[in-house]
Structure formats: structure tokens, C-alpha cells
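Report on one structure; see the data block that follows.
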Amino acid sequence: LPALFKEELKNEEAQEGASVCLRCELTKAAPVQWKIGSKVLKASDKYEMRQPGTTAELVIHDLEVKDA
């Protein structure tokens with residue numbers, strides 16, 4: 001069976017310059033690809049991806065308006 005979202009991504013609000021953690025939970029472990037629009041995000045000083053088990057997390061550091 002395919003992996004499905006057990007807990008969907010929720011909107012988060014944060015101030016410019018701050019960091020925010022977005023997370024979702026899957027029904028089973030599977031690779032997650034994070035995107036802004038059609039752009040695939042890659043791990044960097046700005047974007048941190050973690051995937052402990054069935055939970056996928058994206059931390060965005062130094063938030064800017066374009067990160068909305």
C-alpha cells in the first residue's frame with residue numbers, strides 16, 4: 001500500500017528572520033520531497049530536513065516573505 005498522510009501539514013505563522021518547523025505524519029515510512037511551488041528544496045543553511053520514522057519535518061531558518 002502507498003504511504004498516505006496521517007497528519008497533514010498545517011499553516012504556521014512566524015516573524016521575518018525567525019525559524020519555523022513544518023511537519024507531517026505518514027502512515028508508513030517513505031521518502032518525502034519538500035517543495036516551494038515547483039522548486040524542490042535541498043538541505044542548506046536555510047532549509048533543514050529531518051525524517052525520524054513516519055514524521056517528516058522541514059525547518060526553515062531566517063524566514064523571508066518569499067518563504068510564504
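Its residues counted as N, the chain yields a C-alpha radius of gyration over 2.2 N^0.38 Å of 1.14. Report the one residue of Pro52, Pro2, Cys24 whose Cα lies farthest in the direction of the positive end of the charge dipole of the chain (charges on C-beta: Lys and Arg +1, Asp and Glu -1; origin at the Cα centre). Value: Pro2.
Averaged over its residues, the stretch 5-67 has an accessible area of 73 Å² per residue, based on protein heavy atoms and a 1.4 Å probe. Cut-off 12 Å, label point 7 angstrom out along Cα-to-Cβ of Glu64: give me the residues of the stretch 12-28 whose amide nitrogen falls inside. The answer is 17.
Report the extension gain between Glu7 and Lys28 in nm, rounded to one decimal, defined as 0.36 nm multiplied by the number of residues separating them, less their alpha carbon distance. Mind showing how you got there, number by number?
Numbers: separation 21, 0.36 × 21 = 7.56 nm, distance 1.17 nm.
Separation in residues times 0.36 nm, less the Cα-Cα distance, equals 6.4 nm.
Extension gain, Asp45 to Glu57: 0.36 nm times the residue separation minus the Cα-Cα distance gives 2.8 nm. Of the trypsin sites (Lys or Arg not before Pro) in the stretch 20-53, the ones in a loop by DSSP (not H, G, I, E or B) with at most 15 other beta carbons within 10 Å are Lys28, Lys42, Lys46.
For the stretch 1-30, the set of GluC sites (Glu not before Pro) satisfying both a DSSP loop assignment and a count of at most 11 other C-beta atoms within 10 Å is given as Glu8, Glu12, Glu13, Glu16. Add +1 for every Lys or Arg and -1 for every Asp or Glu among the other residues with Cβ under 15 Å from the Cβ of Gln51, and state the total. For residues surrounding Gln51, the net value is +1.
Note that the stretch 6-21 has calculated 3J(HN,Hα) couplings of 8, 9, 6, 5, 10, 5, 10, 10, 7, 7, 4, x, 7, 10, 9, 10 Hz, one per residue in order, obtained from phi through the Karplus relation 6.51 cos²θ - 1.76 cosθ + 1.60 (θ = phi - 60°); glycine and proline are x.
The values are calculated or read from the model by the stated rules, or taken from the named source; none is laboratory data. As the structure is a prediction and not an experimental result, all values here were calculated from the model. Every residue, glycine among them, receives a Cβ derived from its backbone with ideal geometry; neighbour counts consider all protein chains shown. With ligands, DNA and RNA removed, areas are computed over all heavy atoms of the protein, side chains included. Shrake-Rupley method; radii C 1.70, N 1.55, O 1.52, S 1.80 Å.
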